[in-house]
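A short worksheet on the structure shown next.
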Amino acid sequence: MTPGWEALSARARGLEGHLIPRDRVSALGRAPDISGVAHLLRATPYAPFLPHRTTRPEEVEVAIQRSHADRIAVLALWARPRTELLAPLFLEEDLRSVRALFRGAAAGTPAAERLRGSIPTPTLTGKALATLAEAPTPGRVAATLVAWGHPLGPPLLEEARQARPDLFRAESALAGSFAREATAAARAGGSAMADFVAGSIDAWNIVHALLLAEAGTEREIPDLFVHRGSALALEGFLHCAATGARRASFQALRGILRGTMYEPAFHEPVPTPGEMEERILDARVTLLRRRRREAPVSAVPVLLFVLRLRREVVGLRRMVWSASMGLHRGGGVG
């Protein structure tokens, strides 16, 4: 056991107890409209962040985002003075935020829209995210990060300086920087944290193999592979990304990943890349639940809470927009 996890793992189990039960999740999936979703969220941790009355999906989505951020902030507070234990988790949230902010700057979207889904961390605070969201160009996003000494800045700046910046290459460079930094930082958290980081890298490569196969690319595919995962090697990634069709890539990945923790994600029908992300999330949660029984005082309860919360938030956001469009489907996110 790595020193420092005793109190944090117990507190994470307490936070996990406030996740939404599956029966309430099913009710959310049947809500007829946004007001119905908001009503059903009133007796949950999302309630303090909801407007008194709302019929706008954007307001409910912001409440979900703020509740997510609040619980991550509580976890960070409880980790003091050993916040380095959670550094890989914060860096992964930074990766998601910077990716969205870089894309938003490239597309010229409003600052509020760029911030959608971004979670403040000790390394990219809410104020820092707001500053990045106002950046007029992708290059300004990258230069600001570099000026702050953030490890995700340099790979972005290199791509932003190109005559025609390539978003896909920029994101792959971001993921590569995350992989290097998070793998090194995971040593402080022990083997469970190291496995978690490798799992995040695997998830990136699996989803992007599907994306590349479906969309095709003129890029050098080896440059888009992120090293330091554990289940999908470069050779397999190249093969799956070059199949030319999502189904073919899916079937090739299923063969390569048979017998790994990701095998349950490879069931029919063939998923979209977004659906595959959710399936992989399910597989990682299942594995961590089993490992928690074996190592209850370790990083595992913390990692399980973080992934279950992420899964819940993804599911709730999907339900919000389904309700806003009059589409109703149940589903588990707990």
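The values are calculated or read from the model by the stated rules, or taken from the named source; none is laboratory data. Quick caveat, the model's predicted, so the values are computed rather than measured. When we count neighbours, we look across all protein chains shown, and the Cβ atoms used for this are built from the backbone with ideal geometry, even at glycine. Just the protein is used for accessible areas: all its heavy atoms, side chains included, with ligands, DNA and RNA removed. Shrake-Rupley method; radii C 1.70, N 1.55, O 1.52, S 1.80 Å.
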Next item on the list: Using only the Cα atoms of the range 1-99, construct the convex hull and provide its projected area averaged over every direction, in square nanometres to one decimal.
Entry: 7.8
Next item on the list: Quick one: dipole size for the range 198-334, taken about the Cα centre, charges +1 on Lys/Arg Cβ and -1 on Asp/Glu Cβ, in debye to the nearest 20.
Entry: 680
Margin query: Sequence gap at least 6, Cα distance under 8 Å: using those rules, report the relative contact order of the range 137-182 to the nearest whole percent.
Written below: 33
Notebook entry, point to check: Given 5 Å bins starting at zero, what is the percent of C-alpha pairs of the range 38-144 in each, up to the one with the largest pair distance?
Noted result: 2, 13, 20, 19, 17, 16, 9, 4, 1
Item checked: Most mobile of Ala73, Ala209, Ala182 in a GNM of the chain (Cα contacts under 10 Å) -> Ala73
Next item on the list: With only Lys, Arg, Asp and Glu charged, each at its Cβ (+1 for the first two, -1 for the last two), find how big the charge dipole of the chain is about the Cα centre; round to the nearest 20 debye.
Entry: 860
Check: Using unit Cβ charges (K, R positive; D, E negative) and no other charged atoms, how large, in debye to the nearest 20, is the dipole of the range 36-163 about its Cα centre?
Finding: 240
Next item on the list: Any chance you could list the semi-axes, whole Å, largest first, of the equivalent ellipsoid that the Cα gyration tensor gives for the range 247-307, using √(5λ)?
Entry: 26, 12, 7
Checklist line | Relative contact order, percent, the range 202-325 [alpha-carbon distance under 8 Å, six or more residues apart] | finding: 21
Next item on the list: Take every Cα pair under 8 Å in the chain that's 6+ residues apart, average their separations, divide by the length, and report that relative contact order as a whole percent.
Entry: 24
Notebook entry, point to check: If you take the charge dipole of the chain about its Cα centre, with +1 on Lys and Arg Cβ and -1 on Asp and Glu Cβ, which of Gly14, Gly153, Val270 is farthest toward its positive end?
Noted result: Gly14
Check: When you take every Cα atom in the range 210-334, what is the radius of gyration, and what is Dmax, the widest Cα pair distance, in Å?
Finding: 16.6, 48
Note to self: Can you give me the accessible area per residue for the range 85-165, using a 1.4 Å probe, in Å²?
What the structure shows: 45
Notebook entry, point to check: So how long is each side of the range 71-120 along the principal axes, counting just the alpha-carbon atoms, biggest first, in Å?
Noted result: 39, 16, 11
Next item on the list: For the range 119-196 and the range 23-86, write down the distance between their C-alpha centroids in whole Å.
Entry: 26
Next item on the list: Please give the contour-minus-distance gain from His267 to Thr137: 0.36 nm per residue of separation, less the Cα-Cα distance, rounded to one decimal in nm.
Entry: 42.7 nm
Item checked: Cα gyration tensor, the range 141-215 - rounded (a/c under 1.5), prolate or oblate -> oblate
Check: What share of Cα pairs, in percent, lie more than 29 angstrom apart in the chain?
Finding: 40
Notebook entry, point to check: For the range 212-278, what are the per-bin percents of Cα-Cα distances with bins 5 Å wide, up to the bin holding the maximum?
Noted result: 3, 17, 27, 29, 18, 5, 0
Notebook entry, point to check: Rounded to a whole number of µm²/s, how large is the Stokes-Einstein D of the range 95-219 at 10 °C and 1.306 mPa s, given Rh as the Kirkwood radius over C-alpha pairs?
Noted result: 104
